[in-house]
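The values are calculated or read from the model by the stated rules, or taken from the named source; none is laboratory data. Please read all numbers here as calculations on a predicted model, not as lab measurements. For neighbour counting, all protein chains shown are included, and Cβ atoms are generated from backbone atoms with ideal geometry for every residue, glycine included.
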Amino acid sequence: MLSLDVTLAFRGFDLSVRHALPITGLTALFGRSGSGKSTLLRVIAGLEPSAKGRVAWQDYVWQDGRHFTPAHKRGLGYVFQDTRLFPHLTVAQNLSYADRRAHGLPGPGMADIIAALDLGPLLARQPTSLSGGEASRAAIGRALLTRPRMLLMDEPLAALDEARKAEILPYLERLRDQIGTPILYVSHNMAEVARLATHLMLIDAGRITHHGPVEVLLSDPGIAPALGLREAGAVIETTLTHQHEDGLSQLATSAGPLLLPRIEAALGSRIRVRILAQDVILSRSRPTGLSALNILPATVTDLRTGSGPGALVQLRLGQGHILARITRRSASDLGLAPGTDCFAILKSVAVARANIGTVLPK
């Protein structure tokens with residue numbers, strides 16, 4: 001549990017957060033640029049000594065009105081946007097430096113981190129010879145080898161192009177699922193958050209506005225405007241059941257089978273899929289003669305309209321929920337209301353590869 005009751009004032013901006021939050025798996029702190037994400041992370045890390053209030057992790061009180069624990073004594077790992085590897089040391093020497101600083105603290109060892117991040121081929125290289133993705137992996141490994149109570153990551157993929165991001169995301173999933181160190185991950189990229197996060201905190205103008213399990217928040221139509229309507233979309237958990245010869249993978253959902261372009265994973269793997277609201281079409285009856293392969297029974301559970309022509313529909317899909325973004329006219333013509341049964345239609349190719357990831361084992 002991370003307990004926060006802090007304020008910090010700048011010219012034209014003030015941070016005020018009062019929350020007690022469970023930090024397990026990967027918790028994403030999401031907000032637009034300038035919302036206070038990185039500032040809050042720096043307060044937690046002890047890098048903003050002028051912050052007033054109380055910060056505590058479990059039974060460790062890092063600051064209150066009587067004392068302030070400096071950053072190097074909080075037992076936290078910090079990964080910045082720029083990797084800050086020591087340029088005069090090899091990757092192996094950067095890792096060894098962190099390992100020695102840990103002074104025998106419990107946690108994943110050197111071999112575990114090298115394996116999880118596939119750092120073996122990089123050990124003899126200098127940081128200046130690494131690609132952006134390779135340098136990020138080395139920086140994450142170095143931070144983890146200090147055996148931190150919690151790993152703080154401040155938009156670690158922001159400087160990478162899409163190809164390098166796609167390269168490193170599976171490693172972050174592996175850390176989340178295998179290493180066990182809680183991660184607080186700052187991002188303004190919803191695709192990253194939806195793929196990686198187990199818990200989500202939304203911050204706006206220096207205030208935490210919502211927090212909860214990622215699958216609950218992302219399927220809430222009332223929160224979608226804060227995320228950006230083009231980014232509105234929910235995540236569902238599926239199981240990979242079949243690889244078809246025509247290049248499609250079949251996933252089992254609680255509402256029926258889902259066909260997507262081939263996913264390279266073992267049969268039985270649990271797969272997280274983000275479905276954008278704008279990619280979902282609704283029908284009151286089961287349609288025929290369509291090119292779309294995914295037609296799943298659903299029930300309307302909520303419907304929100306604003307001042308414009310659009311409507312956002314929340315649908316119960318088996319045991320989970322998704323969103324559909326349609327026009328108000330369509331919602332009216334279809335007679336949609338909470339309790340209405342319908343069918344959700346999704347093109348197989350509509351789900352981008354970046355919106356498919358692994359999920360935590362239960």
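For the range 213-234, indicate whether the set of residues that are polar (S, T, N, Q) and over 30 Å from MET1 (Cα atoms) is non-empty. Let's see the steps before the verdict.
From the range 213-234, those polar (S, T, N, Q) are 219; that's our starting set.
Among the residues that remain, those that are also over 30 Å from MET1 (Cα atoms) are: none.
No; the residues of the range 213-234 include none that is polar (S, T, N, Q) and over 30 Å from MET1 (Cα atoms).
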The range 193-208, subset among the charged types (D, E, K, R) and closer than 20 Å to ALA158 by Cα, residue farthest from the chain's Cα centre (by Cα)
ASP204
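When you go through PRO297, PRO338 one by one, which is the residue that is in a loop (DSSP other than H, G, I, E, B), in contact with a strand residue (DSSP E or B) (Cβ under 9 Å, 6 or more places away or on another chain) and not small (Gly, Ala, Ser)? Before you say what the answer is, go through the steps one by one.
On the way: PRO297 fails: in a loop (DSSP other than H, G, I, E, B).
It is PRO338.
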Please verify whether SER33 is within 14 Å of VAL186 (Cβ to Cβ), of a type in the set (Ser, Thr, Tyr) and in a loop (DSSP other than H, G, I, E, B), treating the condition exactly as stated.
yes
Set ILE223, ILE183, ILE179, ILE208: member being under 26 Å from ARG101 (Cα atoms) and surrounded by fewer than 21 Cβ atoms within 10 Å (Cβ to Cβ):
ILE179
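Does ALA352 meet the test of being within 19 Å of ASP279 (Cα to Cα) and at pLDDT 95 or above?
On the way: within 19 Å of ASP279 (Cα to Cα): yes; at pLDDT 95 or above: no.
No, not satisfied.
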Odd one out for SER50 among (1) closer than 26 Å to ALA158 by Cα; (2) in contact (Cβ under 8 Å) with a residue 24 or more places away in the chain; (3) not aromatic (Phe, Trp, Tyr)
(1)
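For the range 9-40, what are the residues that are of a type in the set (A, V, I, L, M, F, W, C), surrounded by fewer than 21 Cβ atoms within 10 Å (Cβ to Cβ) and in contact with a Leu (Cβ under 6 Å, 6 or more places away or on another chain)? Lay out the reasoning, then the answer.
So the first thing to find is which residues in the range 9-40 are of a type in the set (A, V, I, L, M, F, W, C), and the list is 9-10, 13, 15, 17, 20-21, 23, 26, 28-30, 40.
Now narrow it down to the ones that are surrounded by fewer than 21 Cβ atoms within 10 Å (Cβ to Cβ): 9-10, 13, 20-21, 23.
Within the range 9-40, LEU21, ILE23 meet the criteria.
A quick yes/no check of all residues on (1) outside the structural domain of MET150 (by TED's automatic domain parsing); (2) among the charged types (D, E, K, R); (3) in contact with a Lys or Arg (Cβ under 9 Å, 6 or more places away or on another chain); (4) in a loop (DSSP other than H, G, I, E, B):
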residue	(1), (2), (3), (4)
SER38	no, no, no, no
ILE44	no, no, yes, no
GLU48	no, yes, yes, yes
ARG54	no, yes, no, no
TRP62	no, no, yes, no
HIS72	no, no, no, no
GLY77	no, no, yes, no
ASP82	no, yes, no, yes
LEU85	no, no, yes, yes
Those residues of the range 291-312 that are farther than 17 Å from SER330 by Cα and surrounded by fewer than 15 Cβ atoms within 10 Å (Cβ to Cβ) come to a total of 2
So which of ALA102, ALA111, ALA115 ends up being more than 22 Å from LEU169 (Cα to Cα) and surrounded by fewer than 19 Cβ atoms within 10 Å (Cβ to Cβ)?
ALA102
Based on what the data block shows, is PRO213 surrounded by fewer than 18 Cβ atoms within 10 Å (Cβ to Cβ) and modelled with pLDDT under 90?
no
Output the residues belonging to the range 267-290 that are part of a loop (DSSP other than H, G, I, E, B) and either on the phi > 0 side of the Ramachandran plot or within 23 Å of the chain's Cα centre (by Cα) (or both).
GLY268, SER269, GLY289
Given the conditions (1) free of Cβ contacts under 8 Å to residues at least 60 places away in the same chain; (2) surrounded by 15 or more Cβ atoms within 10 Å (Cβ to Cβ); (3) in the same structural domain as LEU323 (by TED's automatic domain parsing), every one holds for GLY247 apart from (2)
For LEU258, only one of the following conditions fails: (1) under 14 Å from ILE356 (Cα atoms); (2) in contact (Cβ under 8 Å) with a residue 60 or more places away in the chain; (3) not in a strand (DSSP E or B). What is its number?
(3)
